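Each value in this text was obtained by applying a stated rule to the coordinates, not by laboratory testing. Please read all numbers here as calculations on a predicted model, not as lab measurements. Here the Cβ is made from the backbone with ideal geometry for all residues, glycine too, and neighbour counts use every protein chain on show.
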Amino acid sequence: MLAILYDVHGNRPALEAVLDDARDAGADRFLLGGDYAAFGAWPVECVELLRALGDRATWIRGNWERWQADPSALPDSPVTQGAARWVCDQLGDELVAELAALPAQAIIGDTLFVHGSPLSDIETFGPEPDPEGDDQALAGVLQQRVVFGHSHLQFSRRTPGGVELVNPGSVGEPWDGDVRAAYAVLDDDNTGTLRRVAYDVEAAATAVERLGDPRAITTAQRLRTARF
């Protein structure tokens with residue numbers, strides 16, 4: 001079984017809950033979909049937990065891995081800029097460079113894994129059908145399933161052309177109104193399942209809130225409400 005983890009965002013309690021749940025479900029392989037460290041109170045600890053998976057894990061980078069190595073690409077937002085400065089200080093130059101060098105996509109069987117979409121790590125698919133936009137984003141894609149994250153919204157749907165689009169949701173910062181950590185699994189028969197796991201949301205929110213900057217206050221509110 002393959003466990004699919006996206007958008008951890010430095011939330012160690014959520015990550016630990018998901019890893020425990022995945023192992024209990026029978027997961028023996030992991031696909032890690034990017035945005036590992038920024039925003040939460042435990043950036044280094046989360047990367048270390050994922051590194052401990054060893055060769056059972058396949059990694060790709062997200063927009064945050066790219067931004068950490070290239071601050072000029074960051075959006076002009078105090079929250080984002082503040083988060084970037086802090087997480088880069090925590091990770092250090094070597095780890096920032098290592099994460100930025102991860103591949104942008106991975107293919108396992110007939111599934112393509114990207115962070116946002118095949119077009120970029122920012123542009124992504126929505127929960128509702130968008131025939132024109134879907135066709136543009138999937139141009140040249142040969143796989144029958146595309147797994148992506150970035151929007152922190154857990155859903156799956158099929159395009160008119162039959163491609164299955166799967167967003168496993170965010171492990172560390174869901175934005176769909178459900179505060180539980182989100183991820184997905186692919187069974188050995190290639191059946192996908194979306195999963196949610198309860199964890200100590202208040203502990204995660206309080207820990208990041210103690211950092212005391214505007215980014216921390218915003219992140220704590222998002223954790224408590226599961227809204228952007």
Which numbered condition ALA203 fails, given (1) surrounded by fewer than 16 Cβ atoms within 10 Å (Cβ to Cβ); (2) not in a helix (DSSP H, G or I): (2)
Meets criteria (in contact with a Gly (Cβ under 9 Å, 6 or more places away or on another chain), farther than 19 Å from ASP21 by Cα, assigned to a helix (DSSP H, G or I) and not aromatic (Phe, Trp, Tyr)) for THR219: yes
Residue count for the stretch 179-189, restricted to those that are surrounded by 13 or more Cβ atoms within 10 Å (Cβ to Cβ), over 16 Å from the mean Cα position of the chain (by Cα) and outside any strand (DSSP E or B): 1
Checklist (1) polar (S, T, N, Q); (2) at negative phi; (3) in contact with a strand residue (DSSP E or B) (Cβ under 9 Å, 6 or more places away or on another chain); (4) in contact (Cβ under 8 Å) with a residue 40 or more places away in the chain applied to THR219, failing item: (3)
Residue list for the stretch 91-109, filter: aliphatic (A, V, I, L, M) and part of a loop (DSSP other than H, G, I, E, B): ALA101, LEU102, ALA104
Sole residue being under 16 Å from the mean Cα position of the chain (by Cα), surrounded by fewer than 22 Cβ atoms within 10 Å (Cβ to Cβ) and over 21 Å from VAL47 (Cβ atoms), chosen from ARG224, ARG195: ARG195
Candidates LEU31, LEU50, LEU2, filtered to the one that is under 27 Å from GLN221 (Cβ atoms), out of contact with any Gly (no Cβ under 6 Å at 6 or more places or on another chain) and crowded, with 16+ Cβ neighbours inside 10 Å: LEU50
Restricting the stretch 156-170 to residues that are over 17 Å from LEU31 (Cα atoms) and not small (Gly, Ala, Ser), the residue that is surrounded by the fewest Cβ atoms within 10 Å (Cβ to Cβ): PRO160
Only one of LEU112, LEU142, LEU153, LEU119 that is part of a strand (DSSP E or B) and either surrounded by 15 or more Cβ atoms within 10 Å (Cβ to Cβ) or not acidic (Asp, Glu) (or both): LEU112
Some residue of the stretch 148-171 being within 22 Å of CYS46 (Cβ to Cβ) and out of contact with any Gly (no Cβ under 8 Å at 6 or more places or on another chain): yes
